[in-house]
Amino acid sequence: MGKPVLLVTRQFPEAVEARAARDYDARLNTKDQLYGPAEIIRLSAGADAILCASTEKLDAATIAALPASVKVIGTFSVGLDHVDLPAAKARGLPVCNTPDVLSVATAEISMGLILAAARRFGEGERMVRAGRWIGWKATELLGAQITGKRLGIFGMGRIGRELAKMARGFSMEIHYRNRTRLDPALEQGAIFHGSDESFLPVCDVLSLNAPGNEATRKWLNAARIALLPKGAVVVNTGRGMVVDDAALIAALRSGHVAFAGLDVFDGEPKLNPAYLGLDNAVLLPHLGSATVETRNAMGFLALDGIDAILAGRNPPNRVV
Amino acid sequence: MKPRLVVARRTPPAVTERARTEFDALLSEEKDLDLDGMLAAVGQHRADALFFTSNLKLNAEAIARLPAHVKIAATCSVGFDHIDVPAAKAKGLVVTNTPEVLTDCTADLAFTLILSACRRMHEYDGIMRPGWRRRFAMGEMLGIRASGKRLGILGMGRIGRAVAQRGRGFGMQILYSDVQRLPPELEQGATYFEDFRAMLPQCDILTLHAPGGPRTDGIMNAETFGLLPNGAVFVNAARGALVDEEALIAALTSGHLFAAGLDVFRKEPDFDTRLAALPNVILTPHMGSGTVETRNAMGFRALDNIAAVCAGRPAIDPLWS
């Protein structure tokens with residue numbers, strides 16, 4: 001019997017593609033073209049499984065039209081916004097994702113953005129690289145100290161808790177806002193806030209680590225920004241839609257928010273162009289999970305799920 | 001009568017304000033004083049005290065030219081490579097620095113360089129400024145994870161230990177080398193290497209926190225960079241003179257080093273601009289102590305030392321005792 005057939009919809013890290021090619025008759029996307037629904041349906045003819053990413057929209061119609069040979073979908077993501085899960089369930093098609101493995105890498109980017117924004121790395125880097133560095137002045141390019149400040153984490157899931165652990169090494173006082181209070185074992189001394197009114201005024205640094213949904217859409221708006229202490233630092237590595245961009249941009253211009261670090265944007269990759277000229281913001285192109293270790297781990301976990309389903313087992317990362 | 005003070009450098013507003021209030025101060029509000037300007041000002045003002053920073057080189061000749069009414073010279077820095085200590089001692093001049101107050105911010109900056117270099121944050125920011133507009137393949141533009149890595153620290157003084165503390169929050173294994181092994185309560189489980197060279201092959205990330213001087217000049221050179229594992233990350237927020245920059249550029253160009261983060265250079269501010277042409281290096285303009293909080297604290301500490309000596313009390317941070 002030949003190897004099972006696997007449709008791979010994007011270009012994945014080398015080690016992941018090597019494993020896919022070792023274990024499967026893998027249909028790789030070597031040019032990393034974005035596949036629409038019609039291409040996915042066409043290319044999965046005779047395939048046993050699909051390894052996709054969050055860029056592939058698997059809506060109800062697409063799932064219904066997939067060939068009967070497809071027995072499992074593995075998505076290279078934690079998020080499942082792109083897959084119509086009820087449709088998959090109705091069809092009896094298992095879906096596996098990649099939880100946990102990217103928490104540390106994403107928390108690292110949160111901490112990195114807190115530091116880089118507060119210490120004005122964007123400005124300093126551009127000044128030095130352009131040859132505009134003319135000498136040390138006691139008053140130039142002064143940033144904000146991070147050690148010992150109060151860090152407010154909006155969304156205390158796995159990533160938020162990893163961030164809290166890192167921030168404790170900087171002697172930060174951890175506050176958090178979450179739907180429910182955590183168990184003391186997970187809380188580790190972090191201070192829970194049951195309302196925005198008590199939470200926001202203590203955030204010298206505010207890190208957004210909440211999922212994107214209707215409840216969090218434009219949560220950080222002008223009214224809530226006004227509750228932050230003057231000169232606060234705002235960092236977002238969760239979802240772009242959680243921020244009202246116009247309000248944050250206005251606050252960065254007025255200095256009420258002194259510095260921002262952003263890895264995610266509403267409508268990305270078409271971000272609000274007003275961000276591009278702001279010197280007090282550090283901007284990253286949604287690369288929170290972009291380490292070799294993490295991307296390999298994500299790919300391996302998605303493949304583990306596919307392997308297990310095809311072998312008749314039930315993997316822990318199965319969501320449908 | 002208030003003590004007479006010359007402030008040879010522009011200072012943050014809060015420090016200027018305090019100097020003006022507590023002292024009969026001659027301030028440098030428009031421009032910093034050079035050596036001749038400082039000596040002239042000190043003479044005219046019949047100063048009891050001098051507030052200065054590392055841009056003024058107090059060598060033996062400069063110290064000989066200082067009038068006898070100057071009792072204390074307070075440098076607003078932790079480093080004192082710019083001061084001829086034996087000459088000052090022989091003259092009976094009290095010299096002080098500002099230790100401790102910049103430990104946290106300098107450690108924060110070193111750690112920012114570690115994270116930025118590992119995670120390519122400056123390259124990413126450079127992609128964003130023209131507008132992004134392009135998707136990356138899942139294997140493209142990847143950085144390396146800093147968490148859980150082996151962090152090597154050369155120089156385990158206050159700043160080195162503060163960096164170690166931050167590294168522990170990232171689950172890093174801490175290795176260090178210094179002239180002496182630390183007591184266990186300061187070591188906190190870090191692994192000591194008497195021989196710096198023996199530590200290098202085990203460092204996924206190497207950060208320098210050693211003082212300058214002949215013993216450490218060029219300690220990072222072609223041989224020592226070669227001892228690091230392939231793909232290592234290198235950070236220097238200590239002293240530019242610790243590094244042979246020719247060897248560093250070669251290691252970054254060949255890819256032996258994955259990336260570097262540099263806050264200090266052999267020549268500043270006119271550093272070797274070949275570094276600026278490399279994508280895998282992040283450069284900051286010697287901003288280790290560059291926060292409002294720390295610069296104020298440094299200035300206040302220097303003024304505290306001056307106030308103590310002028311009042312006939314011992315200095316808080318004398319360079320010798």
Report, by residue number, each residue of the range B:129-175 that is among the basic types (Lys, Arg) and closer than 30 Å to A:Asp266 by Cα. B:Arg129, B:Arg133, B:Arg134, B:Arg135, B:Arg145
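Anything in the range B:116-127 that is assigned to a helix (DSSP H, G or I), surrounded by 24 or more Cβ atoms within 10 Å (Cβ to Cβ) and either at the interface with chain A (Cβ under 9 Å from one of its Cβ atoms) or not aliphatic (A, V, I, L, M) (or both)? List them, or say none. Show your work before the answer.
Start the filter on the range B:116-127 by keeping residues that are assigned to a helix (DSSP H, G or I), which leaves B:116-119, B:121-127.
This time we only want the ones that are surrounded by 24 or more Cβ atoms within 10 Å (Cβ to Cβ), so: B:116-119, B:121-122.
Across the range B:116-127, the qualifying residues are B:Ser116, B:Cys118, B:Arg119, B:Met121, B:His122.
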Of everything in the range B:130-168, what is part of a helix (DSSP H, G or I) and surrounded by fewer than 21 Cβ atoms within 10 Å (Cβ to Cβ)? Give them in sequence order. B:Arg158, B:Gln165, B:Arg168
Can you find a residue in the range B:235-254 that is at positive phi and either within 11 Å of chain A (Cβ to nearest Cβ) or free of Cβ contacts under 8 Å to residues at least 24 places away in the same chain (or both)? no
Go through (1) surrounded by fewer than 15 Cβ atoms within 10 Å (Cβ to Cβ); (2) touching a helix residue (DSSP H, G or I) at 6+ places or on another chain (Cβ under 9 Å) and name the single condition A:Glu214 misses. (2)
Where residues in the range A:268-315 are of a type in the set (D, E, K, R) and in contact with a helix residue (DSSP H, G or I) (Cβ under 9 Å, 6 or more places away or on another chain), which of them is nearest to B:Arg133 (Cα to Cα)? A:Glu268
What about B:Val179, is it over 18 Å from the mean Cα position of the chain (by Cα) and surrounded by fewer than 22 Cβ atoms within 10 Å (Cβ to Cβ)? yes
Report, by residue number, each residue of the range A:229-255 that is surrounded by 24 or more Cβ atoms within 10 Å (Cβ to Cβ), at pLDDT 95 or above and out of contact with any Phe, Trp or Tyr (no Cβ under 6 Å at 6 or more places or on another chain). A:Ala232, A:Val234, A:Val235, A:Asn236, A:Thr237, A:Val243, A:Leu248
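Rundown of residues vs (1) of a type in the set (A, V, I, L, M, F, W, C); (2) modelled with pLDDT of 95 or more; (3) at negative phi; (4) assigned by TED's automatic domain parsing to the domain that holds A:Thr75, yes/no style:
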position	(1), (2), (3), (4)
A:Val257	yes, yes, yes, no
A:Leu262	yes, yes, yes, no
A:Gly267	no, no, no, no
A:Asn296	no, yes, yes, yes
Would you point out which residue out of A:Arg168, A:Arg179, A:Arg132, A:Arg126 is out of contact with any Leu (no Cβ under 8 Å at 6 or more places or on another chain), basic (Lys, Arg) and facing chain B (nearest Cβ under 7 Å)? A:Arg168
Which of the residues spanning the range A:41-78 are modelled with pLDDT under 95 and either hydroxyl-bearing (Ser, Thr, Tyr) or exposed (fewer than 14 other Cβ atoms within 10 Å of the Cβ) (or both)? A:Ser54, A:Thr55, A:Ser77
Which pairs do you get when a residue that is under 16 Å from B:Thr53 (Cα atoms), found in the range B:66-80, comes within reach of a residue that is at pLDDT 95 or above and hydroxyl-bearing (Ser, Thr, Tyr), reach meaning Cβ atoms under 7 angstrom, with the pair 6+ apart or on two chains? B:Ile72/B:Thr96; B:Ala74/B:Thr96; B:Cys76/B:Thr98; B:Ser77/B:Thr98; B:Val78/B:Thr98
What are the pairs, 6+ residues apart or on separate chains, where a residue within the range A:306-320 that is under 13 Å from A:Lys71 (Cα atoms) has its Cβ under 6 Å from a residue that is assigned to a helix (DSSP H, G or I) and modelled with pLDDT of 95 or more? A:Val320/A:Leu85; A:Val320/A:Ala88; A:Val320/A:Lys89
Given the conditions (1) surrounded by fewer than 24 Cβ atoms within 10 Å (Cβ to Cβ); (2) of a type outside the set (Gly, Ala, Ser); (3) more than 30 Å from B:Ala277 (Cβ to Cβ); (4) in contact with a helix residue (DSSP H, G or I) (Cβ under 8 Å, 6 or more places away or on another chain), which single one is not true for A:Asp81? (4)
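The values are calculated or read from the model by the stated rules, or taken from the named source; none is laboratory data. Note that the coordinates shown come from a computational prediction; the quantities given were computed from them, not determined experimentally. Cβ atoms come from the backbone with ideal geometry, glycine included; neighbour counts cover every protein chain shown.
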